[in-house]
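Asker: Here you go, one structure.
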Amino acid sequence: MEDYVIDMGKVTNSSGRRPSLYSINPTCAYFLGVNVNRASMSIGLQNIKNEFVSIELDFSFVLENTPESLQELCNIINSFIDDGSVDKRMIVGACINLSGRINSIEGFSYNYFFSENRPLTEIISAQLGLPVRLENDTRAMAYGEYKEGIVDGEQNVIFVNYSWGVAIGMITDGKLYYGKSGYSGEFGHSTLFNNEIMCQCGKLGCLETEISGWSLVNQFKNALKEGKQSKVKLTDSSEALQHHAIIAGAINLEDNLCIELVTIQSEKMGRYLSIILNIFNPELLVIGGDFSKLGDYALLPIQSALKKYSLGLVNRDVKLKKSSLGLRAGVIGACCVVKEQMLSTLISN
């Protein structure tokens, strides 16, 4: 135990036999968290006391479902470790967040880098020389907010990742909810609209076809074709970043078209989140992801629709808040997930 605990000396203001004080040694173990988005990624290294010793947020990385993209991801992580001040041997494990269907128990990702013959965790672990866990990005963000963010004692929480796509992460009785195989939270792929619009999942009329970053881009382009005006000019440099320009147009330019589109979307989001509220009756609903940057432009329409469409008793129980961690949520959640997994294994052994 001497590697994990520091003797802080004796209590000085105590009568009788003075008790000893001990503290966790913050340098005894480190945990790596990696959050991968479509056009960027973030990496952080925490010590056992939840303190970041190094972190890099939202730097450019294009996620593609190719061996080359996976190799680049591993190279970036290895460079981050090599450039840091922590001996790699002190890093107990890593957690990597990806979007889509993730089976954390078996280590498979079904949207990116899937192989029937070998879990993705084994492939990445061999590249990094570390134990690796996979986690769904939204679930990790939810856990980050629960452990170190906006959650203030609530034990039943719904976190909404409202970004390029839409998903939810659920905390029930203080624990992450996975479902049978870890595929829970695919709210964006609920078939709700008879609009004949093809979703990125291949189905027609999913929630994301009208409420998401990619649908916002389509709505913006269609509005321009109809003759509406905007100060915002979309570039073709990265399709996955175009919704950021529209969100920024609402926040920074007070662009009427951008505000109109995000307000309409957010009202719809509130309407369909009322279904989630009626089913789960949470204490707290957290709006995170790219659209959370909109503040009241998103929160007020969502709140109004929740009051209108959810049951009064259910709505009375829930608080609506914006993510407080922003880009840090996924990295913090990843660190917390792998930390608890490794400590649980250590204790059981």
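Asker: If you take the residues of segment 175-198 that are of a type outside the set (Ser, Thr, Tyr) and in contact (Cβ under 8 Å) with a residue 24 or more places away in the chain, which of them is surrounded by the fewest Cβ atoms within 10 Å (Cβ to Cβ)?
Answerer: Looking at the filtered set, the residue picked out is 192.
Asker: Right, next: Considering only residues that are acidic (Asp, Glu) and under 20 Å from residue 99 (Cα atoms), which ones fall in segment 195-219?
Answerer: 208, 210
Asker: Out of the strands (runs of 3 or more DSSP E) lying entirely within segment 118-215, which hold 2 or more residues that are farther than 25 Å from residue 70 by Cα?
Answerer: Where strands (runs of 3 or more DSSP E) fall fully within segment 118-215 and carry at least 2 residues being farther than 25 Å from residue 70 by Cα, they are 157-162, 166-172.
Asker: Follow-up question, since we're still on this one. Check segment 92-104 and report whether any residue there is assigned to a helix (DSSP H, G or I) and either surrounded by fewer than 19 Cβ atoms within 10 Å (Cβ to Cβ) or free of Cβ contacts under 8 Å to residues at least 60 places away in the same chain (or both).
Answerer: no
Asker: State all residues of segment 131-145 that are buried (at least 21 other Cβ atoms within 10 Å of the Cβ) and in contact (Cβ under 8 Å) with a residue 40 or more places away in the chain; if no residue qualifies, say none.
Answerer: Listed by number, the residues that qualify are 133, 135, 136, 137, 138, 139, 140, 141, 142, 143, 144, 145.
Asker: With the checklist (1) modelled with pLDDT of 95 or more; (2) crowded, with 18+ Cβ neighbours inside 10 Å in hand, flag the one item residue 295 doesn't pass.
Answerer: It fails just one condition, (2).
Asker: To continue, here is another question. Before we move on, is residue 309 under 29 Å from residue 40 (Cα atoms) and without any contact (Cβ under 8 Å) to a residue 60 or more places away in the chain?
Answerer: When the stated conditions are applied, residue 309 does not pass them.
Asker: Continuing with the same structure: Just give me the residues in segment 35-62 being out of contact with any helix residue (DSSP H, G or I) (no Cβ under 6 Å at 6 or more places or on another chain) and either closer than 18 Å to residue 114 by Cβ or in the same structural domain as residue 241 (by TED's automatic domain parsing) (or both), in sequence order.
Answerer: 36
Asker: Follow-up question, since we're still on this one. Report, ordered by the first and then the second residue, all pairs with beta carbons closer than 7 Å, sequence separation of six or more or different chains, a first member in segment 155-168 that is of a type in the set (Phe, Trp, Tyr), and a second member that is in a loop (DSSP other than H, G, I, E, B).
Answerer: 162/289; 164/38; 164/212
Asker: Residues in segment 111-134: is at least one assigned by TED's automatic domain parsing to the domain that holds residue 262 and acidic (Asp, Glu)?
Answerer: no
Asker: When residues of segment 310-335 are filtered for being crowded, with 22+ Cβ neighbours inside 10 Å and part of a helix (DSSP H, G or I), how many remain?
Answerer: Of the residues in that region, 8 qualify.
Asker: Taking residue 339 as meeting all but one of (1) buried (at least 18 other Cβ atoms within 10 Å of the Cβ); (2) in a helix (DSSP H, G or I); (3) modelled with pLDDT of 95 or more, write down the number of the exception.
Answerer: With respect to (1) buried (at least 18 other Cβ atoms within 10 Å of the Cβ); (2) in a helix (DSSP H, G or I); (3) modelled with pLDDT of 95 or more, residue 339 is out only on (3).
Asker: Here's another thing I want to ask about it. One residue is enough: does segment 229-237 have a residue meeting the conditions of a type outside the set (Ser, Thr, Tyr), farther than 22 Å from residue 145 by Cα and surrounded by 16 or more Cβ atoms within 10 Å (Cβ to Cβ)?
Answerer: yes
Asker: Yes or no: residue 101 in the same structural domain as residue 51 (by TED's automatic domain parsing), among the charged types (D, E, K, R) and closer than 22 Å to residue 165 by Cβ?
Answerer: yes
Asker: Moving on. Within segment 146-157, can you find the residues that are over 12 Å from the mean Cα position of the chain (by Cα) and crowded, with 24+ Cβ neighbours inside 10 Å?
Answerer: 157
The values are calculated or read from the model by the stated rules, or taken from the named source; none is laboratory data. Fair warning: this is a prediction, and the values are worked out from it, not measured in the lab. All Cβ positions, glycine included, derive from the backbone under ideal geometry; neighbour counts span all protein chains shown.
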